[in-house]
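Asker: Before we start, here is the structure in question, set down as structure tokens.
The values are calculated or read from the model by the stated rules, or taken from the named source; none is laboratory data. Please read all numbers here as calculations on a predicted model, not as lab measurements. Cβ placement follows ideal geometry from the backbone for every residue including glycine, while neighbour counts extend to all protein chains displayed.
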Amino acid sequence: MVNPQAQFSQAALHGVDTAMRLTQIGLNSAERLFKLQFQAGRALLEEHVRNLHSLTEGAPQELPARINTLAAQTLEQMVNHSRNTYEVLSATQNELTQLVEDQFSQLNRTVISSIDVLAKNAPAGSDAAVNALKSSLAASAAAVNSITKAAHQVAEFTETSVKAATAATADAVKTAANKASTPAA
């Protein structure tokens, strides 16, 4: 016999566990982003102080080349910071995706279990309806699985594209800095 109170209690506990996991993911992500921002702010402040000192030294005719070099370094740091931020957000998205997939899998198992209980208590001759229900559930699970695989492929493609764009931007900055700091002949 099915005990509805035990099932409700189990579902409530599962919901609390899921909410706690979701909260943990969010807090961990916020903490990583805060640390990243704090470290970037500290490094930026220290870098600006060093840059101000370096701009006051040397011959005045070298000033444009030094400014170009410093601008290129700053842009490169910004690209690196963007890359690090993207990695934190991507990791968070992966954790959230995994949580949703786990929840869907659990829901699917629960529904199948409920259908099995229903089938045991169903009147004679209802096998076709139960099998049709199981078949439609299997088809929807297969569709969700296909969509999940496609989403993973899109995420991998996006990550590869972002990494390639970041690398290309960093290379372009380095090339531009080298050209700008090289005196014209």
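Asker: Does any residue of the range 65-83 turn out to be over 27 Å from Thr166 (Cβ atoms), among the aliphatic types (A, V, I, L, M) and either in a helix (DSSP H, G or I) or in contact with a helix residue (DSSP H, G or I) (Cβ under 7 Å, 6 or more places away or on another chain) (or both)?
Answerer: no
Asker: Kindly evaluate Thr110 against the criterion of being more than 16 Å from Lys174 (Cβ to Cβ), modelled with pLDDT of 90 or more and of a type in the set (Ser, Thr, Tyr).
Answerer: Answer is no for this residue.
Asker: Please pick out the residue among Gln103, Gln93 that is assigned to a helix (DSSP H, G or I), at pLDDT 80 or above and out of contact with any helix residue (DSSP H, G or I) (no Cβ under 7 Å at 6 or more places or on another chain).
Answerer: Gln93
Asker: If Lys35 passes every condition in (1) of a type in the set (D, E, K, R); (2) out of contact with any Leu (no Cβ under 8 Å at 6 or more places or on another chain); (3) more than 30 Å from Thr169 (Cβ to Cβ) but one, which one does it miss?
Answerer: With respect to (1) of a type in the set (D, E, K, R); (2) out of contact with any Leu (no Cβ under 8 Å at 6 or more places or on another chain); (3) more than 30 Å from Thr169 (Cβ to Cβ), Lys35 is out only on (3).
Asker: Anything in the range 95-119 that is surrounded by fewer than 14 Cβ atoms within 10 Å (Cβ to Cβ) and of a type outside the set (Lys, Arg)? List them, or say none.
Answerer: Gln98, Val100, Asp102, Ser105, Gln106, Leu107, Ser113, Ser114, Asp116, Val117, listed by residue number.
Asker: What residue, of Val16, Val79, is among the β-branched types (Val, Ile, Thr), closer than 21 Å to Asn178 by Cα and modelled with pLDDT of 85 or more?
Answerer: Val79
Asker: What are the pairs, 6+ residues apart or on separate chains, where a residue within the range 109-122 that is over 14 Å from Gln10 (Cβ atoms) has its Cβ under 7 Å from a residue that is assigned to a helix (DSSP H, G or I) and of a type in the set (Val, Ile, Thr)?
Answerer: Note: pairs meeting the criteria are Ile115/Val130; Leu118/Val130; Ala119/Val130; Ala122/Val130.
Asker: State whether the residues of the range 138-150 include one that is in contact with a Leu (Cβ under 6 Å, 6 or more places away or on another chain), surrounded by 14 or more Cβ atoms within 10 Å (Cβ to Cβ) and of a type in the set (Val, Ile, Thr).
Answerer: No; the residues of the range 138-150 include none that is in contact with a Leu (Cβ under 6 Å, 6 or more places away or on another chain), surrounded by 14 or more Cβ atoms within 10 Å (Cβ to Cβ) and of a type in the set (Val, Ile, Thr).
Asker: Out of the range 122-134, which residues are surrounded by 10 or more Cβ atoms within 10 Å (Cβ to Cβ) and in a helix (DSSP H, G or I)?
Answerer: Once the filter is applied, which keeps residues that are surrounded by 10 or more Cβ atoms within 10 Å (Cβ to Cβ) and in a helix (DSSP H, G or I), the range 122-134 yields Asp127, Ala129, Val130, Asn131, Ala132, Leu133, Lys134.
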